[in-house]
1. Given (1) over 13 Å from the mean Cα position of the chain (by Cα); (2) open to solvent by 20 Å² or more (accessible area, probe 1.4 Å); (3) under 27 Å from GLU82 (Cα atoms), identify the lone condition not met by ILE37.
2. Within segment 10-34, can you find the residues that are closer than 21 Å to ILE83 by Cα and of a type outside the set (S, T, N, Q)?
3. Scanning segment 40-63 for residues that are touching a residue at least 24 places away in the same chain (Cβ under 8 Å) and among the small types (Gly, Ala, Ser), which turns out most open to solvent (accessible area, probe 1.4 Å)?
4. Within segment 1-34, which residues are closer than 16 Å to PHE67 by Cα, touching a residue at least 12 places away in the same chain (Cβ under 8 Å) and either of a type in the set (D, E, K, R) or open to solvent by 80 Å² or more (accessible area, probe 1.4 Å) (or both)?
5. Are there any pairs, at least 6 apart or on different chains, whose C-beta atoms fall under 6 Å, with the first in segment 78-101 and on the phi < 0 side of the Ramachandran plot and the second of a type outside the set (Gly, Ala, Ser) and surrounded by 10 or more Cβ atoms within 10 Å (Cβ to Cβ), and if so, which?
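The values are calculated or read from the model by the stated rules, or taken from the named source; none is laboratory data. For clarity, every value in this text was computed on a predicted model and none was experimentally measured. Positions of Cβ are generated from backbone atoms using ideal geometry, with glycine treated the same way; all protein chains shown enter the neighbour counts. Only protein heavy atoms, including side chains, enter the accessible area calculation; ligands, DNA and RNA are left aside. Shrake-Rupley method; radii C 1.70, N 1.55, O 1.52, S 1.80 Å.
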Amino acid sequence: MIEFQANFIQNMKFYRKRARLSQAQLAELCNVSNGTIGNIECGITKPSFDLIYQIAKALSVPASDLFKTSIREDKLSASQVEIVSETVHSAINEALSKALVNLRFKNSTGEISPAK
């Protein structure tokens, strides 16, 4: 696989997941079959210029961003830092919410009792 194709696949998956889209949802937004997106992400199929444009538009990113060098190799851009920050923030909130569900109000001794 050529490096730019590998970058495209990695970035497409990254931006699709960031947008919280399944392959099927992205396919629908691009007017292609579910299999087309899956085949692109597996490196089986190469997208046309038109489909690259549609994918970028559906993911709300410039098409050129889909070809950038791996995020792991680059410094994070401000938008990528924001994405990471939002992801971490969401994960922390979700973990706290789950933890709170497992707790009850403090009992008369001031101890927190687990939910039954």
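1. (2)
2. Of the residues in segment 10-34, the ones closer than 21 Å to ILE83 by Cα are 10-23, 25-26.
Of everything in segment 10-34, those that are closer than 21 Å to ILE83 by Cα and of a type outside the set (S, T, N, Q) turn out to be MET12, LYS13, PHE14, TYR15, ARG16, LYS17, ARG18, ALA19, ARG20, LEU21, LEU26.
3. My answer is SER60.
4. To start, the set of residues in segment 1-34 that are closer than 16 Å to PHE67 by Cα comprises 1-16.
Filter once more, keeping what is touching a residue at least 12 places away in the same chain (Cβ under 8 Å): 1, 4-16.
Answer for segment 1-34, where residues must be closer than 16 Å to PHE67 by Cα, touching a residue at least 12 places away in the same chain (Cβ under 8 Å) and either of a type in the set (D, E, K, R) or open to solvent by 80 Å² or more (accessible area, probe 1.4 Å) (or both): MET1, PHE4, LYS13, ARG16.
5. ILE83/ARG18
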